[in-house]
1. Using θ = phi - 60° and the Karplus form 6.51 cos²θ - 1.76 cosθ + 1.60, what ³J(HN,Hα) does each residue of the stretch 94-107 get, whole Hz, x for Gly and Pro?
2. Taking the mean number of other Cβ atoms within 10 Å as a proxy for protection, how do you rank 79-88, 97-106 from highest to lowest?
3. Taking H placed 1.01 Å from N in the peptide plane, check which residues at least 5 places from L74 or on another chain put their amide H under 5 Å from its amide H.
4. Once both labels are modelled 7 Å past Cα along the beta-carbon direction, what's the D87-A56 spacing in nm?
5. Once the principal axes of the Cα atoms of the stretch 46-107 are found, what is the range along each, listed largest first in whole angstroms?
6. What's the extension gain from Q77 to E42 if we count 0.36 nm per residue and subtract their Cα-Cα distance?
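We did not get these values from a lab; they are worked out from the coordinates using the rules stated. Being a predicted model, the structure only gives us computed values, none of them experimental. Here the Cβ positions follow ideal geometry from the backbone for every residue, glycine too, while neighbour counts run over all protein chains shown.
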Amino acid sequence: MKRLLLVLLAAGGAAYLWRRRQTSEPDASVSTFASPVSVSNEPPKLGGDVDPELLAILACPLDKQPVMREGNYLVCQECRRHYPIRDGIPVMLIDEALTPEQAAAAN
Ligand SMILES: [Zn+2]
């Protein structure tokens with residue numbers, strides 16, 4: 001299960017990097033027809049659909065406890081850290097998570 005999580009993280013990271021590269025290097029054949037507004041490099045949107053089977057196996061990287069979806073975040077049932085979901089990809093990184101205090105301040 002730990003290995004599967006690492007694979008998921010790697011896949012998410014690769015998708016994120018790929019997306020960034022796509023936006024930072026405009027493709028001439030595409031941008032010719034795109035309006036200037038749509039070329040902006042917008043950050044990944046919070047939220048999106050997460051596969052329920054994926055949700056069921058995800059765990060907090062800190063204490064390995066299950067997470068539950070609350071809005072656009074996956075919340076650890078132990079430490080209450082909030083892991084963001086970006087474009088349907090759960091970001092299970094401690095550095096990216098909101099602490100319970102930060103989550104409370106955001107609400
Ligand atoms: Zn936790």
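1. 4, 5, 8, 7, 8, 6, x, 5, 5, 5, 5, 5, 6, 8
2. Highest to lowest by the protection proxy: 79-88, 97-106.
3. Y83, I85
4. 2.7
5. For the stretch 46-107, the Cα extents along the three principal axes come out at 29, 23, 17 Å.
6. Between Q77 and E42, full extension yields 9.5 nm more.
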